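*Asks:* Right, I'll just put the structure down here and ask away after.
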Amino acid sequence: KYALLASMGPVPGSGALQPPSCTPTSKQGLWPLSVGSLAEQHAEVHVGSQNKIQKQPAESVKDPYLAHLYVAQSYADWCKAPCKSATWELAAPKPMPNSTYALFEAAIWRQERRVALYQFDPAWEYKARHAYHEVCLGMGWECYQYKVFRENRSLLSIGPWPASVDKDYGKLSKYLLNAFDRIFAKIIERAPRAKHFALTYSGHGASADGALFEGILQKSDSATWLKSVTGTTGRLAIMNFGGNCAEGRWNMVAHLHPYADWIIASDLKVGGVALNDEENTMETVHARERLSDVTILKQAGEARASVLSMVEQVVQARVKLWEEVWNAPIKRQKLRQSIAAYHGPDFPAFQKALRLGYAELPIARRKEWEERVEDAECDVLAAARLLAEMAPSSSTSELEKSFKTMRPMFASTSGMVDWEVQLHGLGFNFNGWKGPPCDFKTALGPGTKPPEGWNGGGTPEPMDIR
């Protein structure tokens with residue numbers, strides 16, 4: 001259980017992460033062995049691993065099928081500076097150096113005011129998970145030697161940034177823009193002929209406006225960075241925000257769709273499952289690890305699955321987690337969960353169709369439409385269906401079809417528990433605090449407001465929804 005908390009970060013408000021006080025045996029580690037062949041692989045590479053551990057990252061395959069950048073953001077309540085224990089680096093299973101899947105992991109070390117890029121392998125991971133004896137020599141889970149052990153696998157370290165930058169979000173964003181430009185250049189250097197590229201952020205959601213990494217890479221800078229990235233690689237295959245709360249909003253997709261074939265996100269809070277003592281078992285921990293997005297992408301990348309299949313597998317794994325692992329607590333809590341995949345190239349056509357459909361709505365009925373969409377928690381498909389109902393025409397009759405072409409994959413817990421309001425995987429941004437009024441101005445464009453004006457004005461102020 002500690003391994004899971006160490007890899008994903010402490011529960012907000014729970015205080016600093018504390019390791020178990022017991023002394024592990026030499027065979028015990030921070031490792032729910034759960035991925036079948038992966039577990040055997042780790043056991044295999046550990047044989048004679050004293051001689052196999054590299055002090056620097058080994059050369060990776062130059063032409064992997066999938067190159068995946070996994071980004072985590074670490075704070076002092078996760079690991080005090082300087083971080084001397086295993087944390088976020090335990091979350092993603094590591095590929096072998098000759099794998100057709102290449103994993104690059106970037107840490108935004110807020111407590112150390114730096115950004116670093118790493119590349120690990122299974123032999124390294126085995127020692128990290130058994131750091132108590134393998135690295136810290138029986139002195140504990142935390143030691144200075146562990147920091148050296150981790151940083152030996154760093155491909156790039158940028159910083160520290162000046163302390164004053166922490167208080168100036170504009171300067172911090174520019175600093176991160178420069179850092180991630182350098183990070184992606186290093187990835188291209190290591191995997192210059194990768195067929196596909198994917199980006200996953202592990203952390204909280206923010207304003208769902210296209211800013212990245214909980215909003216600290218502001219949306220103007222995220223666009224600059226992604227234009228640079230895709231200018232080299234073409235569209236990213238996948239942007240995966242499926243573990244971030246409520247990023248499935250119009251302004252996020254509108255901002256990021258030019259840069260990815262697929263964007264995965266949820267229009268609701270993610271997780272929040274409260275397990276009782278009977279449910280809080282190692283089997284549950286194992287299943288969560290086995291069905292995690294990063295595990296699924298690794299397996300799919302190594303199998304050379306199509307990008308479409310990769311996205312489908314991520315969605316299917318989330319459903320399996322809800323139905324087979326979290327079934328009882330979801331029903332007990334009546335917990336709403338969702339996941340959706342948006343096809344970036346089809347977003348402009350749906351946006352155009354929605355605006356044309358709205359233009360068919362009589363001005364006298366625009367306020368009614370606005371209020372009914374707000375009753376639907378700003379759900380975009382509900383808005384499209386209301387336009388077809390309130391202003392039937394050739395423009396509005398195809399709106400639902402266009403929406404489902406743009407958002408072809410969606411799953412939720414609505415079949416497990418009753419939802420008072422049905423949602424469908426994409427919502428307009430909120431102008432209110434975690435709720436309506438909806439930001440229609442950004443989605444529908446200027447000159448479309450009702451005579452009385454939009455409820456709440458126009459574009460929302462950025463907010464942190466953690």
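*Asks:* List every residue pair whose Cβ atoms sit under 8 Å apart, with the two residues 6 or more apart in sequence or on different chains, where the first one lies in the range 140-159 and is in a helix (DSSP H, G or I) and the second, anywhere, is among the β-branched types (Val, Ile, Thr).
*Replies:* What qualifies is 145/135; 146/135; 149/135.
*Asks:* Here is a list of conditions, (1) in a helix (DSSP H, G or I); (2) free of Cβ contacts under 8 Å to residues at least 40 places away in the same chain, and residue 433 meets all of them except one; can you say which number that is?
*Replies:* If we test residue 433 against (1) in a helix (DSSP H, G or I); (2) free of Cβ contacts under 8 Å to residues at least 40 places away in the same chain, just (1) comes out false.
*Asks:* Six or more apart or on different chains, Cβ under 8 Å: which pairs go from a residue in the range 61-75 that's more than 25 Å from residue 214 (Cα to Cα) and of a type in the set (Lys, Arg) to one that's crowded, with 19+ Cβ neighbours inside 10 Å and at pLDDT 95 or above? Could you list them?
*Replies:* What qualifies is 62/190; 62/191.
*Asks:* Mind checking which pairs have a first residue in the range 113-126 that is touching a residue at least 40 places away in the same chain (Cβ under 8 Å) and polar (S, T, N, Q) and a second that is open to solvent by less than 10 Å² (accessible area, probe 1.4 Å) and in a loop (DSSP other than H, G, I, E, B), Cβ under 9 Å, 6 or more apart or different chains?
*Replies:* Pairs that qualify, where the first residue is touching a residue at least 40 places away in the same chain (Cβ under 8 Å) and polar (S, T, N, Q) and the partner is open to solvent by less than 10 Å² (accessible area, probe 1.4 Å) and in a loop (DSSP other than H, G, I, E, B), are 119/94; 119/153.
*Asks:* Is it true that some residue in the range 351-363 is open to solvent by 60 Å² or more (accessible area, probe 1.4 Å), among the basic types (Lys, Arg) and closer than 30 Å to residue 243 by Cβ?
*Replies:* No, the range 351-363 contains no residue that is open to solvent by 60 Å² or more (accessible area, probe 1.4 Å), among the basic types (Lys, Arg) and closer than 30 Å to residue 243 by Cβ.
*Asks:* Something else about it: What residue, among those in the range 229-287 that are acidic (Asp, Glu) and open to solvent by less than 30 Å² (accessible area, probe 1.4 Å), is nearest to the chain's Cα centre (by Cα)?
*Replies:* Top of the filtered list is 247.
*Asks:* Given the criteria in contact with a Ser or Thr (Cβ under 8 Å, 6 or more places away or on another chain) and surrounded by 22 or more Cβ atoms within 10 Å (Cβ to Cβ), does residue 199 qualify? If you could, list the steps in order and put the result at the bottom.
*Replies:* Details: in contact with a Ser or Thr (Cβ under 8 Å, 6 or more places away or on another chain): no; surrounded by 22 or more Cβ atoms within 10 Å (Cβ to Cβ): yes.
For residue 199, the condition - in contact with a Ser or Thr (Cβ under 8 Å, 6 or more places away or on another chain) and surrounded by 22 or more Cβ atoms within 10 Å (Cβ to Cβ) - is not met.
This table checks each residue for (1) over 24 Å from residue 338 (Cα atoms); (2) outside any helix (DSSP H, G or I); (3) aliphatic (A, V, I, L, M).
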residue	(1), (2), (3)
352	yes, no, no
356	yes, no, yes
361	yes, yes, yes
365	yes, no, no
368	yes, no, no
381	no, no, yes
388	yes, no, yes
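*Asks:* Now for a separate question. For the range 234-262, give me the residue count where each residue is of a type in the set (Val, Ile, Thr) and touching a His at 6+ places or on another chain (Cβ under 9 Å).
*Replies:* So the answer is 1.
The values are calculated or read from the model by the stated rules, or taken from the named source; none is laboratory data. These numbers were taken from a predicted model, which means no experiment stands behind them. Ideal geometry is used to build each Cβ from the backbone, glycine not excepted, and the neighbour counts take in all protein chains shown. Ligands, DNA and RNA are excluded from the accessible area calculation, which covers all protein heavy atoms including side chains. Shrake-Rupley method; radii C 1.70, N 1.55, O 1.52, S 1.80 Å.
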